[in-house]
Protein chains: 2
Amino acid sequence: MQHAPHAHGLHRVISPAGVLPQPAQVIDNHMVCHANEMLIEVSALNVDAASFTQVKALVGADPQAIGAHMQGIVAARGKLHNPVTGSGGMLIGRVKQIGPTFPNDGGLKVGDRIATLVSLSLTPLKIHAIKAVHLAAHQLEIEGEAILFASGLYARLPDDIDERLALAVLDVAGAPMQTARLVRPGMRVVVMGGAGKAGLLSLYAAKRAAGAGGQVIGVSPFENECDEMRACDWIDTVLHADARDAVAVMQAVEQATDGEMADVVINCVNVPDTEMASILSVREGGTVCFFSMATSFTAAALGAEGVGKDATLLVGNGYARGHADFALGCLRESAGLRAIFQRRYAGGA
Amino acid sequence: MQHAPHAHGLHRVISPAGVLPQPAQVIDNHMVCHANEMLIEVSALNVDAASFTQVKALVGADPQAIGAHMQGIVAARGKLHNPVTGSGGMLIGRVKQIGPTFPNDGGLKVGDRIATLVSLSLTPLKIHAIKAVHLAAHQLEIEGEAILFASGLYARLPDDIDERLALAVLDVAGAPMQTARLVRPGMRVVVMGGAGKAGLLSLYAAKRAAGAGGQVIGVSPFENECDEMRACDWIDTVLHADARDAVAVMQAVEQATDGEMADVVINCVNVPDTEMASILSVREGGTVCFFSMATSFTAAALGAEGVGKDATLLVGNGYARGHADFALGCLRESAGLRAIFQRRYAGGA
């Protein structure tokens, strides 16, 4: 114990000294609940897409090997903080213990089911056993424990939505909320990686905000994903293109928008090198919001300068006030959206 | 030649195939002026601060070793694209040849002195000889040639401002322009790395926009830089703190603003790990704009989520319409600002 318990978890940082838990190399994952902490019995980890994809590329599409690699990261760092992608994910579990000074306005009780809304890249975690690895859902079912700091956000799990489905939605809840804030009626909106979970929710939020006079455009390099998007009544246009091919995407968006380009571009792609496609697809004066954890800061900043594009470039903030309720609300509102999520993340209807 | 000449320089990309010149590993720096290009005789390179600092840390504060390392990068990649930081810089020179289809609305002529406003990380460059390396100014005087693509931005150099001074200002012209767009009268603005050239210009632009009722706060870890800022009448408050120490900076800003925190934070620091200090210093609902090329995308995105801060996070776009005129205008307007730049970047008054 280096410090007294701190709201941002400074007391759990081992190395380097004096940094916050997220950038730390190693944090203390001793499962003792300090006065201002909450101890959670963990049942599932929802791994960030960029992290899961990187590990899968490294060790192969083998559930056991992926699980072992993730376990190795947690053993080394005290948290599921992928050293290559820098990203984490989130978790689901039951409240095991609540410290006496943990802020608990919501009346949370031991035994309640919750999901944490802060990244696993800063959450003290111990994995006792891995029970299953779900490749398509980027999920690990585990037996384990975790600590939530006093500043840590969480959501009590809803009764009316399947737990795995809720977890999948809450993990990316920032994207649809930020999209809703950026889009005005009549706007043209492009979502790169539109068929992923953040992408589909963002497309839905975009159409809700752009209205009938707007144009909502989903992009994917995979024909099966394009088919899935074509079946969604909230998506106006589907473009079959690879977001790493900046020039091809730019030309496709140009054609789809009669040369006007997008007012807003939301990037939810889980592979690197898609910054330029996003920048070239937005109009002069428009906004690009990067939610992909594979985004390179310099590629975005210098890319816009390199092509002389005066656009607003946003780092997609995973947290926005009310994002959990908004994202779950989208699912309650749209039977079509819920059916897709149910099929993908909760094993069918 | 892989392609016909393309406005974004696709025809110069060697590897990997099909990407734009900025993310490319290697580009063609054959100094032949294609139909839509401009050929420039280069006299000086203004290296991005993050790149210069990284090379200096690697080879030592030795002008010859730094010059040789930069020359090695250009020999390997065909451009001054630092493989570690991903960043470049900009150049100054004379127009040597203008291709017949190069867009030339401004009536540019062979022999005119210009500065390019696109990054060296995407500009075909050949260094014939290095004449001098200026450590404090991050500048290389060279004999060399470069190519500007049809989409490439440039500024004709002003007659009333020393060339080295103009170059230093134009290199970071995006920062003060974006600051001016973000700041409203009465706002509290924190500039991390406030004594650097982007920082000083941003502080000036912030005070201009915030007015007498606003509070403009400069941060630096160096006492001599703090003294320099204390002498500037457009800076209301100077904080002596290291932006890598997120908690210390947060507490200093809290004290300086009576707990209100900043409405806008501009990050112009040229070392890594300063994302959290910026995020913790802004108020809920405020805006952080990252101009540092050392910014980590994931540290910013996950950092805000990790502390539950609902703030707008911007990637500082190096280009904004009119940014060159705006930045040079700040220098013309303020004798104090101009004197500092003159002393630092143009060898005295």
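The values are calculated or read from the model by the stated rules, or taken from the named source; none is laboratory data. None of the values given here were measured: they were computed from a predicted structure. No Cβ is skipped: glycine too gets one built from the backbone with ideal geometry, and neighbour counts run over all protein chains shown. Heavy atoms of the whole protein, side chains included, go into the accessibility calculation; ligands, DNA and RNA do not. Shrake-Rupley method; radii C 1.70, N 1.55, O 1.52, S 1.80 Å.
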**Message:** Straight-line reach only, C-alpha to C-alpha below 17 angstrom: list the aspartates and glutamates that A:Lys207 could link to, leaving out same-chain residues fewer than 8 apart.
**Reply:** A:Glu228, A:Asp233, A:Asp236, A:Asp263, A:Glu333
**Request:** Would you calculate the separation in nanometres between label points at A:Asp325 and B:Ala17, each defined as 7 Å from the Cα along the Cα-to-beta-carbon direction?
**Result:** 5.4
**Inter-copy label distances at B:Glu143 (7 Å, Cα→Cβ; nm, one decimal)** = 7.5
**Message:** Beyond a 26 Å Cα-Cα separation, which of these cross-linked pairs lie in this structure: A:Lys56/A:Lys309; A:Lys56/A:Lys96; A:Lys309/B:Lys197; B:Lys56/B:Lys109?
**Reply:** A:Lys56/A:Lys309; A:Lys56/A:Lys96; B:Lys56/B:Lys109
**Request:** Report the far tail of the P(r) of segment B:1-58, meaning the percent of Cα-Cα pairs longer than 15 Å.
**Result:** 60
**Request:** Tell me the label-point distance for the pair A:His134, A:Asp112, using the 7 Å Cα-to-Cβ offset, in nm and rounded to one decimal.
**Result:** 2.4
**Request:** Show A:His81, B:His69 ordered by accessible area, largest first, where the area counts protein heavy atoms only and the probe is 1.4 Å.
**Result:** B:His69, A:His81
**Item:** Teacher prompt: A:Gly347 distances to equivalent labels in other copies, 7 Å Cα→Cβ, nm
**Value:** 7.6
**Request:** Give, as ranges by residue number, the residues of segment B:77-101 whose backbone N falls under 18 Å from the point 7 Å along Cα→Cβ of B:Ala7.
**Result:** B:99-101
**Fill in**
For A:Ala243, the net charge from surrounding residues (Cβ-Cβ under 13 Å; K, R +1; D, E -1) works out to -4
**Fill in**
Across A:20-33, the residue-averaged tally of Cβ atoms belonging to other chains within 10 Å stands at 3
**Asked** Which percent of Cα pairs goes in each bin when the distances of the protein assembly as shown are cut into 20 angstrom slices starting at zero?
**Response** 18, 50, 29, 3
**Asked** Roughly what % of DSSP beta bridges within the protein assembly as shown run antiparallel, to the nearest 5?
**Response** 60
**Request:** Compute the length gained on full extension between B:Lys96 and B:Ala68: take 0.36 nm times their separation in residues and subtract their Cα-Cα distance, giving the result in nm to one decimal.
**Result:** 7.5 nm
**Prompt:** How large is ³J(HN,Hα) for each residue in segment A:111-126, as worked out from phi by the Karplus curve 6.51 cos²θ - 1.76 cosθ + 1.60 (θ = phi - 60°), to whole Hz, x for Gly and Pro?
**Reply:** x, 5, 8, 9, 10, 7, 10, 10, 5, 5, 5, 10, 9, x, 9, 10
**Asked** Please state the Cα pair-distance histogram of chain A with 10 angstrom bins from zero: what percent is in each bin?
**Response** 6, 26, 32, 24, 11, 2, 0
**Fill in**
For B:Lys126, counting only aspartates and glutamates whose alpha-carbon sits under 17 Å away and dropping same-chain residues fewer than eight positions off, the answer is B:Asp28, B:Glu37, B:Glu41, B:Glu141, B:Glu143, B:Glu145
**Complete:** If you rotate chain A onto chain B, the residue of A with its Cβ nearest that axis, and the gap in whole angstrom, comes out as A:Phe297, 2
**Message:** Distance between the C-alpha centers of segment B:165-217 and segment B:78-122? Whole Å please.
**Reply:** 26
**Item:** segment B:228-343, Rg to Rh (Cα coordinates; Rh as Kirkwood inverse mean 1/r)
**Value:** 0.99
**Fill in**
With one decimal in nm and the nearest listed first, the spacings from A:Asp325 to its own position in the other copies, using label points 7 Å along Cα-to-Cβ, are 4.7
**Mean Cα-pair separation over length for chain B, i.e. relative contact order, pairs under 8 Å, 6 or more apart, %** = 14
**Request:** Would you mind putting B:222-235, B:21-34 in packing order, based on average other-beta-carbon counts within 10 Å, highest first?
**Result:** B:21-34, B:222-235
**0 to 90° range, to nearest 10: angle between helix A:197-210 axis and chain A longest Cα axis** = 50
**Message:** Using only the alpha carbons of segment B:1-111, what is the convex hull's orientation-averaged projected area in square nanometres?
**Reply:** 7.5
**Item:** Share antiparallel - DSSP beta bridges, chain A, percent rounded to 5
**Value:** 60
**Complete:** Binned at 5 Å starting from 0, the alpha-carbon pair-distance distribution of segment A:194-245 in whole percents comes out as 5, 23, 34, 23, 11, 4, 0
**Message:** Restricting to DSSP H runs of at least four residues, report the calculated mean residue ellipticity at 222 nm for chain A, -39500 (n - 2.57) per run over all residues, nearest 500 deg cm²/dmol.
**Reply:** -10000 deg cm²/dmol
**Request:** Pull up all non-local amide H partners of B:Gly89: gap of 5 or more, or a different chain, and H-to-H distance under 5 Å with H placed in the peptide plane.
**Result:** B:Asp48, B:Leu120, B:Ser121
**Request:** Report the net charge of residues surrounding A:Ala335, where surrounding means a beta-carbon distance below 14 angstrom and charges are Lys +1, Arg +1, Asp -1, Glu -1.
**Result:** 0
**Item:** Cα-derived Rg to Rh of segment B:203-288, Kirkwood definition
**Value:** 0.93
